[in-house]
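Asks: I am attaching a structure below and will ask some questions about it afterwards.
The values are calculated or read from the model by the stated rules, or taken from the named source; none is laboratory data. Fair warning: this is a prediction, and the values are worked out from it, not measured in the lab. Because the Cβ atoms are built from the backbone with ideal geometry, glycine has one as well, and the counts that use them run over all protein chains shown.
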Amino acid sequence: MSFNPPVFEDPARDSFETSLWHETAIAVPRYPKLSGRQKAEVVVIGSGYTGLSAAIDLAAQGKDVVVLDAREPGFGASGRNGGQVIPAFKYDPDGIAKVYGEELGEAVLDMVSKTADVVFDLVRRFDIACDPRQTGWIQAAYGSSGIDKVKSRHRQWQQRGAPVELLERDELARQTGTGLYPLGVLFRNGGTVQPLSYARGMAIAAASIGARILAYSLVRAIEPDASGWRVSTADGSVTAARVIIATNGYNTPIWPGLRESVVPLYSMQIASPPLPPELSRQVLPVVEAMADTRRLVWYFRKDRDHRFVIGSRGPFKARPSESDARTLVEAACKLFPALRDTAFPYRWAGRVAMTTDQIPHLHQLAPGVFAALGCNGRGVGMGTMMGKILAAASMGAERQVLPYPVSELHPIPFHAFHRVGVHAMITCYRMLDQFS
Ligand SMILES: Cc1cc2nc3c(=O)[nH]c(=O)nc-3n(C[C@H](O)[C@H](O)[C@H](O)COP(=O)(O)OP(=O)(O)OC[C@H]3O[C@@H](n4cnc5c(N)ncnc54)[C@H](O)[C@@H]3O)c2cc1C
């Protein structure tokens, strides 16, 4: 199979140095660039959670793995996200069972409910210094439709044996410090990590067991070769029988239709300095991470040093302006009026890869070439899990034994105009949220 990618957009332009995570993360080793002609058993493109998790599993099996990134580990969404470890899809469990059928649907749900444990186990196994806190994750009801959603979500997960608990208004307020929500569902096995430290720590872990991590190596082409595939950058190439593409919302056009199968939406966040102890006791005192059921979701948490971090949908730019961020400051004060005099010196944004069905996609693109993308804002756990599934698939695991369906690649029609569609959708969602 041969094709010519149309343009090479370098994700390196989408800088992330303004984030809180960049300031507080563990150091990143200086990884070399790809140069000359190299060989491997598997080439992984993209060093976010998905690619690195695949690399860890493959290297642990003794496979010769090369990981290439246009920038460095964690440069994409993995280094910019909210760090909320969420053991659930956006979809309700019954909906998943309907989409995939009883047997596969239940296998997918079982896998999704284990994603948080997979993250925290990996952190423990490699002693990754990413401030792991498995203190639970709450989804709070926004508006009357949110109450129904939370109740049925709780019931459906409980029926499947997930460690969930329904929190009524007073108990919710006691655990979170905000009185804004009437009801919430607590996922006891959820929690938080420092997202960039987690990604960097995964790269260190992968390298410690033999994976070759290469940075500043933007892949420009994937072409058939006598030994399978040749993956090329401006300075070199790697040939391998197997290729894993884990470029998610930061993808460049390296495979026909892949980039067009997701819509990259921007989500922005702001963060405070460390809150004084008295104030910190009023903000997320017990459960430290939560989100609500709004269409334009508010998600918020505290970090290791008691900084308050809040995020929601943002404009199409990596560096939101002060006025873009004002809506988040207002949201923070609505949730926690005690934050009214708090400054928010950090603001940043990242691309969330959305699929039209809101479910992550796993593809086999050609013999030996696999891709997974579109975690729809749930990729800390799901990306880590998808990496494991990609590793198994690339080593020849039969589709029937994978806990996730391999689907056809479907580029979204009129993808080039996605910004117009997204603007219209956001305006509509904002209105619907106001009337919820
Ligand atoms: C602002 C924000 C908040 C979020 N909050 C949460 C949250 O709280 N909880 C949660 O579970 N999820 C959250 N998410 C989603 C989560 O961050 C992602 O689903 C996850 O990080 C995806 O990981 P990944 O490895 O698939 O992709 P990425 O981390 O995006 O990695 C892709 C990598 O591919 C590289 N790349 C791209 N093209 C090429 C190329 N041609 N050659 C070489 N390398 C290339 C990029 O440089 C990048 O490093 C959030 C996302 C954002 C943006």
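Asks: Residue check: is PRO315 within 15 Å of the ligand (Cβ to nearest atom), in contact (Cβ under 8 Å) with a residue 24 or more places away in the chain and in contact with a Ser or Thr (Cβ under 9 Å, 6 or more places away or on another chain)?
Replies: Values: within 15 Å of the ligand (Cβ to nearest atom): yes; in contact (Cβ under 8 Å) with a residue 24 or more places away in the chain: yes; in contact with a Ser or Thr (Cβ under 9 Å, 6 or more places away or on another chain): yes.
Judged against the criteria, PRO315 is a match.
Asks: Turning to a different aspect of this structure: Would you mind telling me which numbered condition in (1) crowded, with 24+ Cβ neighbours inside 10 Å; (2) farther than 25 Å from GLN269 by Cα; (3) among the polar types (S, T, N, Q) GLN61 fails?
Replies: Among (1) crowded, with 24+ Cβ neighbours inside 10 Å; (2) farther than 25 Å from GLN269 by Cα; (3) among the polar types (S, T, N, Q), the lone unmet condition for GLN61 is (1).
Asks: I'm checking my understanding of the structure. Among residues of segment 255-279 that are touching a residue at least 24 places away in the same chain (Cβ under 8 Å), in a loop (DSSP other than H, G, I, E, B) and surrounded by fewer than 23 Cβ atoms within 10 Å (Cβ to Cβ), which one is nearest to the ligand (Cβ to nearest atom)?
Replies: Ranking the candidates gives LEU258 first.
Asks: Picking from LYS90, LYS114, LYS98, which residue would you name as being out of contact with any helix residue (DSSP H, G or I) (no Cβ under 8 Å at 6 or more places or on another chain) and closer than 26 Å to HIS361 by Cα? Write out each step before concluding.
Replies: Numbers: LYS114 fails: out of contact with any helix residue (DSSP H, G or I) (no Cβ under 8 Å at 6 or more places or on another chain); LYS98 fails: out of contact with any helix residue (DSSP H, G or I) (no Cβ under 8 Å at 6 or more places or on another chain).
When all the criteria are applied, what remains is LYS90.
Asks: If ARG378 satisfies every condition in (1) closer than 30 Å to ASP324 by Cα; (2) of a type outside the set (Val, Ile, Thr); (3) within 11 Å of the ligand (Cβ to nearest atom); (4) touching a strand residue (DSSP E or B) at 6+ places or on another chain (Cβ under 7 Å) but one, which is the exception?
Replies: Of the numbered conditions (1) closer than 30 Å to ASP324 by Cα; (2) of a type outside the set (Val, Ile, Thr); (3) within 11 Å of the ligand (Cβ to nearest atom); (4) touching a strand residue (DSSP E or B) at 6+ places or on another chain (Cβ under 7 Å), the odd one out for ARG378 is (4).
Asks: Residue under question is ILE310, and the condition is that it be among the β-branched types (Val, Ile, Thr), within 14 Å of the ligand (Cβ to nearest atom) and free of Cβ contacts under 8 Å to residues at least 60 places away in the same chain; does it hold?
Replies: Details: among the β-branched types (Val, Ile, Thr): yes; within 14 Å of the ligand (Cβ to nearest atom): yes; free of Cβ contacts under 8 Å to residues at least 60 places away in the same chain: yes.
Answer is yes for this residue.
Asks: Regarding ARG301, is this residue touching a residue at least 60 places away in the same chain (Cβ under 8 Å) and part of a strand (DSSP E or B)?
Replies: So ARG301 passes the test.
Asks: Same structure again: Going by the conditions given, is THR247 crowded, with 24+ Cβ neighbours inside 10 Å, within 18 Å of the chain's Cα centre (by Cα) and near the ligand (Cβ under 8 Å from one of its atoms)?
Replies: Details: crowded, with 24+ Cβ neighbours inside 10 Å: yes; within 18 Å of the chain's Cα centre (by Cα): yes; near the ligand (Cβ under 8 Å from one of its atoms): yes.
Yes, satisfied.
Asks: Sticking with this structure for a sec: Test each condition in (1) assigned to a helix (DSSP H, G or I); (2) within 16 Å of the ligand (Cβ to nearest atom); (3) surrounded by fewer than 24 Cβ atoms within 10 Å (Cβ to Cβ) for ASN189 and report the one that comes out false.
Replies: (1)
Asks: Collect the residues in segment 78-101 that are touching a Leu at 6+ places or on another chain (Cβ under 8 Å) and of a type in the set (Ser, Thr, Tyr), keeping them in residue-number order.
Replies: SER78
Asks: How many of the residues in segment 258-300 are basic (Lys, Arg) and farther than 22 Å from SER312 by Cβ? Explain how you work it out, then say what you get.
Replies: Taking segment 258-300 and keeping what is basic (Lys, Arg), we get 259, 281, 294-295.
In the following step, the residues that additionally are farther than 22 Å from SER312 by Cβ were identified as 259, 281.
Qualifying residue count, segment 258-300: 2.
Asks: Give just the number: which of (1) surrounded by 21 or more Cβ atoms within 10 Å (Cβ to Cβ); (2) away from the ligand (no atom under 12 Å from the Cβ); (3) assigned to a helix (DSSP H, G or I) does VAL112 not satisfy?
Replies: (2)
Asks: Which of the residues belonging to segment 152-166 are hydrophobic (A, V, I, L, M, F, W, C) and more than 15 Å from LEU183 (Cβ to Cβ)? Break it down stepwise before answering.
Replies: Let us first name the residues in segment 152-166 that are hydrophobic (A, V, I, L, M, F, W, C), namely 157, 162, 164, 166.
Within segment 152-166, ALA162 is the sole residue that qualifies.
Asks: Let me ask something else. Quick one: count up the residues across segment 34-74 that are touching a Leu at 6+ places or on another chain (Cβ under 6 Å) and away from the ligand (no atom under 11 Å from the Cβ). Working first, answer last.
Replies: If we filter segment 34-74 for residues that are touching a Leu at 6+ places or on another chain (Cβ under 6 Å), which is where we start, we get 34, 42, 45, 54, 65, 68, 70, 74.
Remaining after also requiring away from the ligand (no atom under 11 Å from the Cβ): 42, 65.
So the count comes out to 2.
Asks: What single numbered condition from (1) within 11 Å of the ligand (Cβ to nearest atom); (2) over 30 Å from SER227 (Cα atoms); (3) modelled with pLDDT under 95 fails to hold for GLU322?
Replies: So GLU322 meets the others, but not (1).
Asks: Next up: Regarding segment 88-106, can at least one residue be identified that is outside any helix (DSSP H, G or I), at negative phi and buried (at least 24 other Cβ atoms within 10 Å of the Cβ)? Please lay out each step first, then the result.
Replies: The first filter runs over segment 88-106 and keeps only residues outside any helix (DSSP H, G or I), leaving 88-92, 101.
Okay, now just the ones that are also at negative phi, so 88-92.
Next, from what is left, pick out any that are buried (at least 24 other Cβ atoms within 10 Å of the Cβ): 88.
Scanning segment 88-106 turns up at least one residue that is outside any helix (DSSP H, G or I), at negative phi and buried (at least 24 other Cβ atoms within 10 Å of the Cβ).
Asks: Something else now. Spot the failing condition for GLY62; the list is (1) part of a helix (DSSP H, G or I); (2) on the phi > 0 side of the Ramachandran plot, and only one is missed.
Replies: Answer for GLY62: the failing condition is (1).
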